[in-house]
1. Scan the range 83-109 for residues that are touching a strand residue (DSSP E or B) at 6+ places or on another chain (Cβ under 8 Å) and under 13 Å from Leu28 (Cβ atoms) and jot them down.
2. Can you tell me which residue among Lys115, Lys111, Lys71, Lys89 is in contact with an Asp or Glu (Cβ under 8 Å, 6 or more places away or on another chain) and not hydrophobic (A, V, I, L, M, F, W, C)?
3. Output the residue which, of all residues in the range 59-101 that are over 19 Å from Leu18 (Cα atoms) and among the aliphatic types (A, V, I, L, M), is surrounded by the most Cβ atoms within 10 Å (Cβ to Cβ).
4. Find all pairs meeting these conditions: Cβ atoms under 7 angstrom apart; at least six residues apart or on different chains; first residue within the range 33-47 and in contact (Cβ under 8 Å) with a residue 12 or more places away in the chain; second residue in a loop (DSSP other than H, G, I, E, B) and buried (at least 17 other Cβ atoms within 10 Å of the Cβ).
Amino acid sequence: NTLRGNVLASACPSRKILQHLTNRWGGLVLIVLCSGTKRFSELRRAIDGVSERMLTQTLQQLEEDGMLIRKSFNTVPPHVEYSLTVFGKQAAKRIKELADWLETNLDDILKAREKMHE
């Protein structure tokens, strides 16, 4: 029997995963990783405004949710790389589509917002 989630139910784990994917930084991390494996410093540079602490927390959440893989290299200096799993790629594709739609329609959306505040 396959379990199906219900994001509208507060006790369903799917809600927490959705929050991780759509919070302030989760979706942006997935979008950056769409282009391939990245180091922590590359992610931090790519996502304007994210703190080291919040990026670390976001990466841990996405790793726990099975969206990305963290690979540590025992080199000097040591470094870590992050890449998307199959689930991460599927989620990232959808989030990127939403972001692309938003960027394409940004002018009209901003005009609609202005009308609401007239």
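1. Correct list: Ala92 only.
2. Lys71
3. Val80
4. Note: pairs meeting the criteria are Ile47/Trp25.
Read-outs: derived from the displayed coordinates by stated rules, not from any lab. In this text, all values refer to a predicted model and were calculated from it rather than measured experimentally. We place every Cβ from the backbone using ideal geometry, glycine too, and count neighbours over all the protein chains shown.
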